[in-house]
1. Per residue, what volume in Å³ does the Cα convex hull of the range 226-291 take up?
2. From the convex hull of the Cα coordinates of the chain, what is the mean projected area in square nanometres?
3. How much length is gained if the chain between Lys139 and Arg239 is pulled fully straight, taking 0.36 nm per residue apart and subtracting their Cα-Cα distance, in nm to one decimal?
4. Give the calculated FRET efficiency between Asn270 and Asn190 to the nearest 0.05, with a Förster radius of 25 Å applied to their Cβ-Cβ distance.
5. Can you show me the helix-derived [θ] at 222 nm for the chain, built from DSSP H runs with n ≥ 4 at -39,500 (n - 2.57) apiece and divided by the number of residues, rounded to the nearest 500.
6. Go through Asn270, Tyr33, Val102 and say which Cα lies farthest out towards the positive end of the charge dipole of the chain; charges sit on Cβ, +1 for Lys and Arg, -1 for Asp and Glu.
7. Counting pairwise Cα distances across the range 142-296, what percent come out greater than 22 angstrom?
8. Determine the dipole magnitude for the range 65-224: charges of +1 sit on the beta-carbon of Lys and Arg, -1 on that of Asp and Glu, nothing else is charged, the reference point is the Cα centre, and the result goes in debye to the nearest 20.
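The values are calculated or read from the model by the stated rules, or taken from the named source; none is laboratory data. Computed from a predicted model, the values in this text were never measured in an experiment. Cβ placement follows ideal geometry from the backbone for every residue including glycine, while neighbour counts extend to all protein chains displayed. For accessibility, only protein heavy atoms count, side chains too; no ligands or nucleic acids. Shrake-Rupley method; radii C 1.70, N 1.55, O 1.52, S 1.80 Å.
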Amino acid sequence: MVKIIAELCQNHKGDKYLMSDMVAAAAEAGVDYVKIQSMQSIDLTKRKRFESGLIEGGVTKTIKRPYEKEYKRLKKLDLNLDNQSYFIDLCLKHNVKPMTTVFSLNRIKELDNLNFDTFKIASFDCSSFKLVEKLGKTKKKLIISTGGTFLREIIQTSKILRNLKKKFTFLHCISIYPTPLKEAHLSRINLLKKFANNVGLSDHSSPDTNGNDLSLAAILYGASIIERHFTILKKNQTRDGVVSVNYNQLKSLVTNSKKNYNDIKLNFKNKKILLKTMEGNPFRELSEIELLNRDYYKGRFAMKNIKGKIIYNW
């Protein structure tokens, strides 16, 4: 049976009461997991080249994302350990599994002491081998997104975890927000199956434009887990709204994901060209947008020692 993850991401806005309503709504929709992100604004790194960015010949070479502005924005989203424990209790109350993304080495121990069912490694840390190894040594289940990562790095991460005898799941992911269906490349799911115990999809397509087409098509390609950003706010009230499903869209995904293969395939009876378009190339190269995102997000958060030296996840 396909498992569904409702990713709360930044849609809770750092408000524990909004988060509480989100967990209740996601559980009512029938999801298996609800996920938060255990990022802390204090772990944000200041890197000079992103202060002003770089554009040459009208082409963006480096994203502009000034540290102070980003720090102030993220500070409002911080969830302290008490709030994260509160989130876990909410999940257990509503009979869904609590899950979180770990972003820096210094947070592993404190999060491992909480009752999260599963840890996730974000796309741009799939190649952060030090973080991968340390999370692989915890007792938590492990799910890893692979967006913005080169295949050789995915294979290396697989080797690290298999050497640790750690069972894990790779999520096929395209780090374009929102993801056009022509960029889905769902055939990569079968390729990833060579390197992981299970493979799923982290879906960043626009639900208002494309419904759940990408998620359901991924199931036809063998995805056993589907992750979708979730909101109970209006889409224009949250930064991640464009890639987030609302309650009705999430409920529809859960309902359709429980159907058998042939019944799911009937959804595409009149969309055969679209289904073929989403198949794509399993050995696709990263797009310019993904390379720009990789450049910024890989190293966005890091551990700082007592002398203030930055120790990156890799």
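1. Numbers: hull volume 9.4 nm³, N = 66.
Roughly 142 Å³ of hull volume per residue.
2. Its Cα hull, projected and averaged over all orientations, spans 16.1 nm².
3. Using 0.36 nm per residue and subtracting the Cα-Cα distance, I get 32.7 nm.
4. Numbers: r = 25 Å, r/R0 = 0.99.
Efficiency at R0 = 25 Å is approximately 0.50.
5. Only helices count here, giving -10500 deg cm²/dmol.
6. Farthest towards the positive end: Val102.
7. Of all Cα-Cα distances in the range 142-296, 41 percent exceed 22 Å.
8. Working: 27 positive and 15 negative charges, 143 e Å.
So the dipole magnitude of the range 65-224 works out to roughly 680 debye.
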